[in-house]
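Visitor: Please find one structure pasted underneath; my questions will follow.
The values are calculated or read from the model by the stated rules, or taken from the named source; none is laboratory data. All of these numbers come straight from a predicted model, not from anything done at the bench. When we count neighbours, we look across all protein chains shown, and the Cβ atoms used for this are built from the backbone with ideal geometry, even at glycine. Accessible surface areas use protein heavy atoms only, side chains included; no ligands, DNA or RNA. Shrake-Rupley method; radii C 1.70, N 1.55, O 1.52, S 1.80 Å.
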Amino acid sequence: MAQRDTAHVALQVARMGKSALGLKLAVLGAVLFLIGLMVLGMASSLPAAAASSCEDSGPGTGSAAADDQPAPQNPGTEPGSGIVRTAQLNNAKAIDKAAQKLGLPGKATLIGLMTALQESTLQNINHGPPGSDALGLFQQRPSQDWGTKKQIMTPSYAARSFFAGHGTNIGLSDIANWQKLPMHVAAEKVQRSGEGGRYAGRESEARAIAKEAHLDLDRAGKARPSQPKESKEDQDAATGITGTDHCGRTEAGGKGGGKGGGTFTDGKATWKLNNPRSVTEAIAWAKANSDANSTAAWHNRCLALTAIIYGWSFSGVQYAIDHYTVVPASMRHDGDRHPPPGALMYWDTGHRAGHIAVYIGNGKIVSNDVKRNHYVDIVPADAPEKQWGARYVGWTPPVFPRGG
């Protein structure tokens, strides 16, 4: 509707008032009418499909990531999905396996699941509350003699420590008559969180996960293991031989959980990388978790996706386009459309966040939300421009100065 037509309609509405009060009401109605039209006009100008907002969400980057969400308000009513659920199920199995190795009953597994759900949402996260060095499934602290970071971040080792104790810390099996205590009370005696009542609210959720993971919570066992020896798997944790990444996949050990390292070159300059995954490993992971194998966990998470592809839990930067400026200027290739495989490519989408994707070679990128909202697909490298009208910015080597 033209501006003059809108004004004419508003004036007609105003003329409907025949008294002083009526005139005031009519004028008010005209104003509200104009505001309504303005809102409708703005809404009609929005594009049918918008680019991803592409926020990352590790510690210090804003809202929680999809694979590090706070627990639901009503435990057991909102099950996880995709890589989150895969991680939870794998970690549940690791906890149960640790209990079985110690000869403990299924009730010990249940208490372990309840505790880990409250402490970490049953995910092997590498951080805790601000100012704390708490880590892993049970949020155990290296400074409190629970073990080294590598040990605590190994689910089998962390679970065994919860059940059998570690260093100066007691475990569940050290508590007298633990089987007869309320489960949340037994958990609190190990964790000493000061908020033990919260463990009680996790029972139904723990049972649901145990059922999905085919764990026998009615399994008989001993109250205390006779000789709680460390297994080879637990011993390996101290040397980083094995580990499980945050997506629930087992991979080689080392810093960050992968071989990592290596170099990256554009033919003129060469840079040393310190990512948990090498370029070859990262591209292989990206291909294995895209297209038909993608879960629906990636909406608005392009920056988190690129960090995860290279083995990090988070990028440490809130917006995709900002990551381009975090990378040293000497590594930026403004406007260049010929990146090496493994490079990070960036777009200005017209939104605050922008977009980032991993180039895998042969004119293709691995990207979320371009072909399908919420999913990761392999698409042409110019798809963000064609799909969203985005402006290509450039590429950088796969470096994450603030990754963790």
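Visitor: Residues of region 125-145 being modelled with pLDDT under 90, open to solvent by less than 40 Å² (accessible area, probe 1.4 Å) and in contact with a Gly (Cβ under 6 Å, 6 or more places away or on another chain), which ones?
Guide: Passing the criteria: only A134.
Visitor: Continuing with the same structure: Under 8 Å between Cβ atoms, at least 6 apart or on separate chains: pull out the pairs that start in region 154-178 with a residue that is touching a residue at least 40 places away in the same chain (Cβ under 8 Å) and part of a helix (DSSP H, G or I) and end on any residue that is of a type in the set (D, E, K, R) and open to solvent by less than 20 Å² (accessible area, probe 1.4 Å).
Guide: Hits for this filter: S156/D234; Y157/D234; R160/D234.
Visitor: Something else about it: Residue under question is S132, and the condition is that it be assigned to a loop (DSSP other than H, G, I, E, B), without any contact (Cβ under 8 Å) to a residue 40 or more places away in the chain and either out of contact with any Lys or Arg (no Cβ under 7 Å at 6 or more places or on another chain) or not acidic (D, E) (or both); does it hold?
Guide: Yes: the conditions hold for S132.
Visitor: Based on this model, can you work out whether K371 counts as surrounded by fewer than 20 Cβ atoms within 10 Å (Cβ to Cβ), within 25 Å of the chain's Cα centre (by Cα), of a type in the set (D, E, K, R) and modelled with pLDDT of 90 or more?
Guide: yes
Visitor: Hey, among the residues in region 146-182 that are among the β-branched types (V, I, T) and surrounded by fewer than 24 Cβ atoms within 10 Å (Cβ to Cβ), which one's modelled with the lowest pLDDT?
Guide: Among those that are among the β-branched types (V, I, T) and surrounded by fewer than 24 Cβ atoms within 10 Å (Cβ to Cβ), it is T168.
Visitor: Moving on. Considering (1) open to solvent by 10 Å² or more (accessible area, probe 1.4 Å); (2) modelled with pLDDT of 90 or more, say which one I356 fails and leave the rest.
Guide: That leaves (1) as the condition not met.
Visitor: Every residue in region 214-242 that is surrounded by 15 or more Cβ atoms within 10 Å (Cβ to Cβ), more than 14 Å from A98 (Cβ to Cβ) and modelled with pLDDT of 90 or more, please.
Guide: Scanning region 214-242 gives a single hit, L217.
Visitor: State the number of residues belonging to region 195-213 that are under 23 Å from Q144 (Cβ atoms) and open to solvent by 70 Å² or more (accessible area, probe 1.4 Å).
Guide: Final tally of qualifying residues: 2.
Visitor: Now a separate question. Given the conditions (1) over 26 Å from the mean Cα position of the chain (by Cα); (2) part of a loop (DSSP other than H, G, I, E, B); (3) surrounded by fewer than 24 Cβ atoms within 10 Å (Cβ to Cβ); (4) not small (G, A, S), which single one is not true for V185?
Guide: Condition not satisfied by V185: (2).
Visitor: Related question: Out of region 284-303, which residues are buried (at least 17 other Cβ atoms within 10 Å of the Cβ) and in contact with a helix residue (DSSP H, G or I) (Cβ under 7 Å, 6 or more places away or on another chain)?
Guide: Of everything in region 284-303, those that are buried (at least 17 other Cβ atoms within 10 Å of the Cβ) and in contact with a helix residue (DSSP H, G or I) (Cβ under 7 Å, 6 or more places away or on another chain) turn out to be W285, A286, T295, A297, W298, R301, C302, L303.
Visitor: Taking helices (runs of 4 or more DSSP H) that do not extend beyond region 300-401, which have at least 1 residues that are of a type in the set (A, V, I, L, M) and over 25 Å from A288 (Cα atoms)?
Guide: 320-326
Visitor: Kindly indicate whether Y310 is farther than 13 Å from A286 by Cβ and open to solvent by less than 30 Å² (accessible area, probe 1.4 Å).
Guide: Against the criterion (farther than 13 Å from A286 by Cβ and open to solvent by less than 30 Å² (accessible area, probe 1.4 Å)), Y310 does not qualify.
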